[in-house]
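Below is one structure; the comments refer to it alone.
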Amino acid sequence: MDILIFILKIVIPPVLVLNFIPLMIWFERKGSAYIQERRGPNRAHILGIRLGGIIHNFADVIKLITKEDIIPANVNRLYFIGAPLIAIFVGIVTIAVVPLADSVQIGEKLVHIQVADLNVGILYVFAISSLGVYSVLLAGWSSNNKYSLLGGLRAASQMVSYELALGLTVVGLFMLAESASVSEIVRHQGPHVLHWNFVQQPLAFIIFWIAVFAETNRTPFDLPEGESEIVAGYHTEYSSMKFALFFMAEYAHMVVAAALITALFFGGWQVPFLTTLDLKTQAPFYLYVTVLTVSFIALFFGLLLLSQFKKGKYRDARDYEVLVFGIPLFLLALAGGGSAIFTGPWALPEWGRVLFAALVQATSFGIKMTFFAFFFIWIRWTLPRFRYDQVMNFGWKGMLPLALLNIVVTGVVLLWKGNHHG
Amino acid sequence: MNMPHNNITKTLIEKFPADVIESHEAYGDTTVIVKKGRITDILRFLKEEIQPSFEMLIDLCGVDYLQWKDSARFEVVYHLLSLKTHDRVRVRAPLSEEDPTIDSVSPLWKAADWYEREVFDMFGIIFHRHPNLKRILMFEGFEGHPLRKDYPAEKRQQIPTAEIDLLHLSLQNRHFSETDHLPTRSMILNIGPSHPAMHGALRYQVELDGETIHRAVAEIGYLHRAFEKHSESSTYTQVIPYTDRLNYLSSMMNNVGFAHAVEKILGVEIPPRAKMIRVIVCELSRIMDHLVCLAAAFVDLGALTNFWYFFDAREKIYDCTEKLAGARLTTNYTRIGGVWRDISPDIITGIHKAFKVLDKAILDVSRLLERNRIFIDRTRNVGIISKEDAVSYGYTGPCLRACGVPYDIRKDQPYYDYDRFDFDVPVGSRGDVNDRLMVRFEEMRQSAKIIQQALTRLPPGPIMIEDPKIALPAKSNVYGSIEGLMNHFMIVTQGICPPKGEVYSATEAANGELGFYIVSDGGPRPYRVRCRPPCFPLTASSERLVEGGMIADLIAIVGSLNIVVGELDR
Amino acid sequence: MGDPIFFYLFATIVIGGAIGVVFLSNPLSSALSLIFSLAGLAGLFVLLQAHFLAAIQVLVYAGAVMVLFIFVIMMLNLEDCKKHLKVSFASLIGFVIALNLAIVLVMHVSAPLFDDGVSDKTFGTIEGVGQLMLTRYLIPFEIVSLLLTIAIVGAVILAKKDNPKETT
């Protein structure tokens, strides 16, 4: 049992992150398309199934793997090859301390739904992600290309600068939760939305959010790869799978950043207004409601898809895609909803209740995280890019003092409160 | 209009009695032919002392009169413009074959620097005291001077190895701050000719200290297609397709500009309907050009979404030009004496539909950017050029107006009845990147306004003039009458033959003043066609504009100048 | 505490990295092996249950200080420097001091290697370090912060010095 949990803990988080990457890429492509009044990817298909363009990701993967992997002459091969590996490693490993659900009591053991519940969880995240800058630096330096070098330098100075603000904002959270463990911070926020940290620490939230954009090198802080200025920055010379690793690392960073924002400021796995205990005790009722809601939504989408069917639209297998998804959805919705209505709320065993609560919490976490991950894309296609000196000024003269101010204000308020209560 | 011209020549003759060889007026252009000896003094007098003063050197070009009897071999031609009265004067200085040298006027106008380099490159005329007399369009190591009449048009030359190219640019690693403990070296960075932000094939070599640009050199000519040489061996009508390729973002405007010049030397007036159609296509082209310029500039600033909003609108307008001219990019639409095809009602509805998309695009983009803090920080007070410098560099069009000079040929020397339209000329105040972009925004709105007016008052009538020496006769005439057949045959085989003479005509293109200087020897082929590309002076100034800024500023500045390499390199 | 295998692993990384710093010819490689060494040290802290110290070790040294080192190395674009062993007076003195230090350490560290040496639960945690810094080691802490302030002011002045020259 222990070994099973151990293996699951090792396997699930990286798989989760890695699986989120194609989803993010799909978000990016489809989201940017709709923002820009385009259709986005909709051609690639397997036996007519396109999944709204997700199949393009498979095509991308095949393309990237089979492309020629060029290592230019005069590069430092060791560092050139190592850099993308560091990037993806850092991207995946940081998820380890983020809890996906409340701890679960299995028999006598308390199982944390996270890889490691470190008491310095947040510092672990910063420590690991601060190593991420090496991938960019080494890539920029070893490529032996001036654009890459400029990209590497931009990345290094930007990431070091914003790490400070990032690190200082969470001090306020430590003070509130009286712990640096991520799971503690999540638990401390409780199910009440107004007690979540984005309400309690609004300034910290905004600074953290901005700094996270800078740390992940996303627009408006995408100077290290600012394509109109320095071609592709640090990954100018990379091709094939090594480029793909950088590409994936960027999305992995976004996923992790979204997970962190969720955990630190939006209650992590907390379901609004429902404690773990509520979920467990009322599990049958909530399960009933959930099944009905999901069935209803499935029914709606199933009918929507079926209504889209038009023979001869593409004159190939793609015509039937809506049916392939629509019919099962429709039938499942009917079956699930119907059985739920007639068999009524089901009694659940203890383990079922626990499992249900954990699943609901994980879903809550996933929904929040997906929203913040999408936010990265939304911002990217809305804002222009900063200039190098503006980034530096903003970081050092704007964000850092504000982050310090946040600590002071939080401290004063806590002391004042403590005095009044004590 | 004639009086001041006469005054100018009179004053000049009084002031320099020994140096003025001849002065005359033809086709509405005042010409003064002077001896080359005191050219700087004469031009300084025209620039500074005479009233009205001619502040702007609009164009400087050379002509090779090898095949003309009793004429000096070369001539350097200066076109001056007064910004106050909008008078123009042409000063010609003949040079002998044995001594093709003349004093440089680059101390008077900054614009002269690059113009004189081009004349040196093309004709081998040496300009004394020029700061940097090197080839500009042709590559270093090119033998001969291509626009000389004795340079065969078919002659091809191999481009030498890349090393020469590097020597051509004077930047080398410099040591600076030597007093420091650490001797730091600057970094030389090549931006272009193949670079995401260099739209076309433009190249900058910059000397960097960190990210700050210390010096910059622009290298042009990668897209040189010998437009001027080519035109000399084509009939006037055959030149029109070449003009498509000048500013390929607004090809119809180039067609109109060239046709306007030829009609000026022919002395013909096109029918009112043709005029109105030309106004419509010109303004459509202006909108398309601005859309591309702005969209590309926004992409370079990292705001990619705006690109799609603008290109969506541009596609809709392209659909209209496609219906009108049968082509989207290289339209080849005007004919000398009119336009090729008439505008049809469904094109008019198409234009109205396109304008709805355009309005929305402009609204969306201005909402996204106009008050966006990052956008303002990136563009305001970046790449500032003062009014005086802009005039000295020969800026025209939106870039000049962004500096606060309200010069617009459509208002100031109206052609095609532009004075009968109700529109405003937007003017900036700071002359920075932001102003240049915002002026274009407003110009699109004004152009749309002009087109709306033109569409409502589109007069009926023919779209070509009836002159059998210029316009092809109707097909029924060709098949039905011997005279029509003869006319058709003559125009197709011989071409249009304007009288001997020279003419400079300027139209307000999207990027500024598009000038065509045509020298005709009376034959069917132009003896010399000089195109004054509006973005040539802009590019010349960009070297100075980017200094002291950062790489990101260079990208923003180049984007805001709208350098179209097809027209720059010709 | 901890598995001896891990101890030896991290110790090897620390020492190997340190040797790399001295013997590698490429300055960037030297800097990178220093990072390895520091990361190994962080691993040793983890074995001592001092997670806070480990995180700070990586965050500050590997993540920030060494980034600046590498930044400078990249900026200066240093060439490989040939290192040849040359017995000079200075190196001799250095050797003697190092030897002395090693002897002292070996003689005086009498505690057994794999003992539960750390009994205090708060050792190396945020609470523990915070307590110590603000009570027992308050004065050294304040002095160090003063020193750092001086260093920052000095750095700012040095950096400012260049500016008027460049802008004129």
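As an exercise: evaluate residue B:379 against (1) surrounded by fewer than 17 Cβ atoms within 10 Å (Cβ to Cβ); (2) hydroxyl-bearing (Ser, Thr, Tyr); (3) in contact with a helix residue (DSSP H, G or I) (Cβ under 8 Å, 6 or more places away or on another chain); (4) closer than 19 Å to residue B:434 by Cα and give the number of the one condition it does not meet. Among (1) surrounded by fewer than 17 Cβ atoms within 10 Å (Cβ to Cβ); (2) hydroxyl-bearing (Ser, Thr, Tyr); (3) in contact with a helix residue (DSSP H, G or I) (Cβ under 8 Å, 6 or more places away or on another chain); (4) closer than 19 Å to residue B:434 by Cα, the lone unmet condition for residue B:379 is (1).
Among residues of region A:265-313 being under 21 Å from residue A:335 (Cα atoms) and among the aromatic types (Phe, Trp, Tyr), the one that is surrounded by the most Cβ atoms within 10 Å (Cβ to Cβ) is A:286. Within region B:462-477, being surrounded by fewer than 18 Cβ atoms within 10 Å (Cβ to Cβ) and either outside any helix (DSSP H, G or I) or among the aliphatic types (A, V, I, L, M) (or both) holds for B:462, B:466, B:467, B:468, B:469, B:472, B:474. Quick check on residue A:199: is it part of a helix (DSSP H, G or I), within 11 Å of chain C (Cβ to nearest Cβ) and farther than 26 Å from residue A:112 by Cα? Judged against the criteria, residue A:199 is not a match.
You will find that of B:407, B:418, the residue that is out of contact with any His (no Cβ under 9 Å at 6 or more places or on another chain), buried (at least 19 other Cβ atoms within 10 Å of the Cβ) and closer than 21 Å to residue B:506 by Cβ is B:418 and no other. Of the residues in region A:25-36, at least one is within 14 Å of chain B (Cβ to nearest Cβ), without any contact (Cβ under 8 Å) to a residue 12 or more places away in the chain and surrounded by 13 or more Cβ atoms within 10 Å (Cβ to Cβ). Answer yes or no as to whether residue B:36 is touching a strand residue (DSSP E or B) at 6+ places or on another chain (Cβ under 8 Å) and not in a helix (DSSP H, G or I). Yes: the conditions hold for residue B:36. Within region A:62-80, the set of residues being outside any helix (DSSP H, G or I) and in contact (Cβ under 8 Å) with a residue 60 or more places away in the chain comprises A:67, A:68, A:69, A:70, A:72, A:74, A:75, A:76. Taking the listed residues B:304, B:246, B:294, the one that is surrounded by 24 or more Cβ atoms within 10 Å (Cβ to Cβ), aliphatic (A, V, I, L, M) and either without any contact (Cβ under 8 Å) to a residue 12 or more places away in the chain or within 14 Å of chain A (Cβ to nearest Cβ) (or both) is B:294, with no other qualifying.
Taking region A:214-235, which residues are more than 12 Å from every other protein chain (Cβ to nearest Cβ) and farther than 22 Å from residue A:142 by Cα? The answer is A:214, and nothing else. No other residue among A:41, A:14, A:99 is closer than 30 Å to residue B:312 by Cα, away from chain C (no Cβ under 14 Å) and either in contact with a helix residue (DSSP H, G or I) (Cβ under 6 Å, 6 or more places away or on another chain) or surrounded by 17 or more Cβ atoms within 10 Å (Cβ to Cβ) (or both) apart from A:41.
Results for (1) in contact with a Ser or Thr (Cβ under 7 Å, 6 or more places away or on another chain); (2) at pLDDT below 80; (3) at positive phi; (4) within 14 Å of another protein chain (Cβ to nearest Cβ), shown as yes or no for each residue.
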site	(1), (2), (3), (4)
B:140	no, yes, no, no
B:148	no, no, no, no
B:152	no, no, no, no
B:155	no, no, no, no
B:158	no, yes, no, no
B:173	yes, yes, no, yes
B:179	no, yes, no, yes
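Looking only at region C:28-79, filter to residues that are under 13 Å from the mean Cα position of the chain (by Cα), within 19 Å of residue A:82 (Cβ to Cβ) and among the small types (Gly, Ala, Ser); which one of those is nearest to the other protein chains (Cβ to nearest Cβ)? It comes out as C:63. With respect to (1) within 12 Å of chain A (Cβ to nearest Cβ); (2) in a helix (DSSP H, G or I); (3) touching a residue at least 24 places away in the same chain (Cβ under 8 Å), the lone exception for residue B:377 is condition (3).
Among the candidates A:116, A:211, A:180, the residue that is part of a helix (DSSP H, G or I) and either closer than 28 Å to residue A:412 by Cβ or assigned by TED's automatic domain parsing to the domain that holds residue A:93 (or both) is uniquely A:211. Looking at the structure I just gave you, is residue B:401 of a type in the set (Lys, Arg) and buried (at least 21 other Cβ atoms within 10 Å of the Cβ)? So residue B:401 passes the test.
If you check A:83, A:127 for being more than 10 Å from chain C (Cβ to nearest Cβ), farther than 30 Å from residue A:359 by Cβ and assigned to a helix (DSSP H, G or I), only one passes: A:83. Can you find even one residue in region B:260-268 that is of a type outside the set (Asp, Glu), outside any helix (DSSP H, G or I) and touching a residue at least 60 places away in the same chain (Cβ under 8 Å)? Within region B:260-268, one or more residues are of a type outside the set (Asp, Glu), outside any helix (DSSP H, G or I) and touching a residue at least 60 places away in the same chain (Cβ under 8 Å).
Residues that are in contact with a Pro (Cβ under 7 Å, 6 or more places away or on another chain) and assigned to a loop (DSSP other than H, G, I, E, B) within region B:94-129 comprise B:106, B:111, B:124, B:125, listed in sequence order. The helices (runs of 4 or more DSSP H) found entirely in region A:308-422 that carry 2 or more residues being within 27 Å of the chain's Cα centre (by Cα) and modelled with pLDDT under 85 are A:350-380. For first residues located in region A:256-274 and on the phi > 0 side of the Ramachandran plot and modelled with pLDDT under 85, partners that are of a type in the set (A, V, I, L, M, F, W, C) and outside any loop (DSSP other than H, G, I, E, B) and lie 6+ apart or on another chain with Cβ distances below 7 Å form the pairs A:267/A:186; A:268/A:186; A:268/A:365. Quick check on residue B:105: is it within 30 Å of residue B:387 (Cβ to Cβ), at pLDDT 85 or above and out of contact with any helix residue (DSSP H, G or I) (no Cβ under 6 Å at 6 or more places or on another chain)? Criteria not met by residue B:105.
The values are calculated or read from the model by the stated rules, or taken from the named source; none is laboratory data. Predicted model only: the values in this text are computed from it and were never measured. So basically every Cβ, Gly included, is an ideal-geometry build from the backbone, and we count neighbours across all protein chains shown.
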